[in-house]
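First the structure, in the form of structure tokens, and then the observations on it.
The numbers here are math on the coordinates, done by the rules we state, and not lab data. Only a predicted model underlies this, so the values are computations on that prediction, with no experimental measurement involved. Neighbour counts run over all protein chains shown; Cβ positions are idealised from the backbone, glycine included.
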Amino acid sequence: MTELFAYYCFDTSALVTMWRFMYPPRNFASVWRKMETHINQGELVIPQEVYDELDAGNDDLFEFVKEHAGVMVKHLDDEQVELTFEILARFPGLVDVNRTIPEADPYVIALARQKGWNVVTSEVPSGSAAKPKIPNVCEAYRIPCLSPIQFINEMNWNI
């Protein structure tokens, strides 16, 4: 399916990095107003698992996401869940199986892959095949993967 507009599936790291370090709302309110506009248009999404990771932080970023959960948070369908298992079978080192909260990375990738969307993450590629990061897996599946700055540039936002 060809989309008229680009859609972006955000990883937890991208939202946290943008909110806390790159574009804190108290200094860059315009970034978050623009984010809000695109969230409300359904163009910026997260899987439920990213929401759960943010909930564990229980801070003002989570409150922002919670306000927009109705349009922003996507629950994976059966095909996307199947893709998640495929990703984990191919890249078992993508997640830490000892974590108490399931890691969202494979869900972000599965949602973006099945929908033909872009991934936005603050992670950088790993030099280790045993411990891949989101950009490594996206490259393997030919999923466009952007950093927060690349996302801002692609959106052509003036801050």
**Message:** Net charge within 13 Å of residue 154 by Cβ-Cβ distance, Lys/Arg positive one each and Asp/Glu negative one each, not counting residue 154 itself?
**Reply:** 0
**Prompt:** At q = 0.22 Å⁻¹, what base-10 log of I(q)/I(0) does the Debye formula yield for the stretch 51-159 when every alpha carbon is treated as an equal point scatterer in vacuo?
**Reply:** -1.41
**Item:** Average Cα contact separation per residue, the stretch 8-155, under 8 Å, 6 or more apart, as relative contact order %
**Value:** 28 percent
**Message:** List the residues, sorted by chain then number, that are 5 or more residues from residue 122 or on another chain and whose placed amide H is less than 5 Å from its amide H.
**Reply:** 13, 14
**Prompt:** Mind checking which of 69, 89, 104 has the largest fluctuation in a GNM of the chain, springs on alpha carbons under 10 Å?
**Reply:** 89
**Item:** Top positive-direction residue, dipole computed over the stretch 8-155 with Cβ charges, set 24, 92, 42
**Value:** 24
**Asked** Which value, in debye to the nearest 20, gives the size of the charge dipole of the stretch 8-155 about its Cα centre, when Lys and Arg are +1 and Asp and Glu are -1 at the Cβ?
**Response** 480 debye
**Message:** Give me 19, 117 sorted ascending by neighbouring Cβ count inside 10 Å, so fewest comes first.
**Reply:** 117, 19
**Request:** Quick one: check the C-alpha center-to-center distance for the stretch 1-77 versus the stretch 115-147, whole angstrom.
**Result:** 18 Å
**Asked** Would you list 151, 21, 28 from fewest to most Cβ contacts within 10 Å?
**Response** 21, 28, 151
**Request:** Pop the C-beta distance of residue 85 and residue 52 into the FRET formula with R0 = 22 Å and round what comes out to the nearest 0.05.
**Result:** 0.75
**Prompt:** When the Karplus curve 6.51 cos²θ - 1.76 cosθ + 1.60 is applied with θ = phi - 60°, which whole-Hz ³J(HN,Hα) does each residue of the stretch 134-145 get, with x for Gly and Pro?
**Reply:** 3, x, 5, 5, 4, 4, 4, 9, 6, 9, x, 10
**Prompt:** Got a sec? How would 26, 113 order by Cβ neighbour count within 10 Å, fewest to most?
**Reply:** 26, 113
**Asked** Under the rule that a partner needs its Cβ under 4.7 Å from the first Cβ, which Cys of the chain have none?
**Response** 9
**Message:** For a quick check, take a GNM of the chain with Cα springs below 10 Å and name the residue from 106, 148, 132 with the largest mean-square fluctuation.
**Reply:** 132
**Message:** Ignoring everything except DSSP H segments at least 4 long, calculate the 222 nm mean residue ellipticity for the chain; use -39,500 (n - 2.57) per segment, divide by total residues, nearest 500.
**Reply:** -14000 deg cm²/dmol
